[in-house]
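The values are calculated or read from the model by the stated rules, or taken from the named source; none is laboratory data. A quick note: this is a predicted structure, and the numbers were derived from the prediction, not measured. So basically every Cβ, Gly included, is an ideal-geometry build from the backbone, and we count neighbours across all protein chains shown.
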């Protein structure tokens, strides 16, 4: 019977040799004079050792390639950061040169950060410290955020990008939205990266039932360089990445797909990849999620007419299907000129529209904000709702100035659309009714305001409620007046923040710390020009119940006062 021996040298390297002799023991270690070890073993063990050796050698080779790649990829953005910093300092008086350098530093920094995040993610996963969250989230918001992140790369490479949404009955799920977004962004970015400029990328999201479980399905298809069968076998191995002569400047850690696979596995999902060299790749992911049902409210849509301006054919079909299903009176037009004709004709026949949805490419050659300004001036009764793929935070100021105060992100789901439209019409009614101030007869309010003009304005507004109002000019006066009044006398304290003697934070803490029975329940609302997030947080930490910004928003003030009724 043939046996084998392995010589393990003092550095741990292994060499194998098969010899023909019999031994009773399966394995035996014999030290040799030169410091190496003679390992006598049977064929089964030697095959296992050979496999372990091959795996270790492959892992070492991959790590060496990873370190080489990382060295190059980290140095590339670092060189840009260092070089552009030097250029910015050299041309400090040339604004355009400095701005250009800073923009390039920002891009390089973002890329460097993504490299570091990949390595840290892999480290967390391998150490078992990665945690999958289980929280309610909006699929609409998740997909909107994903598309917002990937659009710049699509535009930069001039790709034709198509997003398709299948029938998804519910749009709120329980799961880990941040990890899902990480998976989707990684897959789509890979498609963009490994597709030559001007390529085609299609992403679809739909729902399937599998073994009575809701499966959220994601599919990304591109016509990029594709992968060979050999590489496809190692696509999920750490540090692996496609080498191509047709797509240049491919950078990254090679950890992305390995991270994606581990995240999908951790969520109990599955991933399949189909690819053909030179013909493109399709990645399909299924994740089991718990669908959360939430109510649909169309109360404010009763008797209302909706005009939709939408040039995109697929999106027009979506609106037609959603509105038709619930019998909502609506009209869909292709362009702004058609919309103006419809609005004018509706006014002539006394069948006015109540709201206008501004969809994709609604303005045509005209800016969407110019169109909104015209509609606001010509048809002031209209509620304008923008449905768009942009980040609302970036366009909110311009939108508000043109009369748009309501926004829904693309892709838009049925309940999100109808609830959002209902809320927009309802909030308009609330704003109209807000000036019909609540009757606070018998209620007592303490107004704390050091500025005489602001105090006069607030008193005038509060007088509309029939409440009894006392005033204080600083925090110390406010505390004294509160403590000298009978317990339970004041229903509300409107507290300024920046005041002499004692500021609003200190005054609030003093009131909350007093020994009176009503110290914890008297409502205290900040009414201040300090409107940053940290200011609101400080007000809450001081013990305040709410925050109103200056200049005073009358509807918001009346809404806060309504809570006293």
Q.
Looking at the stretch 155-165 only, could you name the residues that are part of a helix (DSSP H, G or I) and under 18 Å from the mean Cα position of the chain (by Cα)?
A. none
Q. Restricting attention to the stretch 395-411, and to residues there that are in contact with a helix residue (DSSP H, G or I) (Cβ under 6 Å, 6 or more places away or on another chain) and outside any helix (DSSP H, G or I), which single residue is surrounded by the most Cβ atoms within 10 Å (Cβ to Cβ)?
A. 404
Q | In the stretch 496-554, the residues that are assigned to a loop (DSSP other than H, G, I, E, B) and within 19 Å of residue 444 (Cβ to Cβ) | A | 496, 514, 516, 517, 518, 519, 520, 521, 522, 544, 545
Q.
Being over 43 Å from the mean Cα position of the chain (by Cα), exposed (fewer than 13 other Cβ atoms within 10 Å of the Cβ) and closer than 25 Å to residue 505 by Cα is the filter here; which residues of the stretch 439-455 pass it?
A. 452
**Q.** Residue satisfying condition, being touching a strand residue (DSSP E or B) at 6+ places or on another chain (Cβ under 7 Å), buried (at least 18 other Cβ atoms within 10 Å of the Cβ) and within 24 Å of residue 226 (Cα to Cα), within set 150, 168, 188
**A.** 188
(Q) Which condition from (1) over 15 Å from residue 564 (Cβ atoms); (2) out of contact with any helix residue (DSSP H, G or I) (no Cβ under 8 Å at 6 or more places or on another chain); (3) outside any helix (DSSP H, G or I) is the one that residue 489 breaks? (A) (1)
Q) Residues of the stretch 105-144 being crowded, with 17+ Cβ neighbours inside 10 Å, at pLDDT 75 or above and part of a helix (DSSP H, G or I), which ones? A) 105, 139, 140, 142, 143, 144
Q. Filter the stretch 441-465 for residues that are farther than 16 Å from residue 501 by Cβ and in a loop (DSSP other than H, G, I, E, B); which is modelled with the lowest pLDDT?
A. 464
Q) If you go through the stretch 387-398 one residue at a time, do you hit one that is modelled with pLDDT under 90 and over 28 Å from the mean Cα position of the chain (by Cα)? A) no
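I'm trying to understand the selection: among the residues of the stretch 276-290, which are in a strand (DSSP E or B) and surrounded by 17 or more Cβ atoms within 10 Å (Cβ to Cβ)?
Residues satisfying the conditions are 280, 281, 283, 285, 286, 287.
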Q. Among the residues of the stretch 236-259, is any in contact with a strand residue (DSSP E or B) (Cβ under 8 Å, 6 or more places away or on another chain), modelled with pLDDT under 90 and either on the phi < 0 side of the Ramachandran plot or surrounded by fewer than 15 Cβ atoms within 10 Å (Cβ to Cβ) (or both)?
A. no
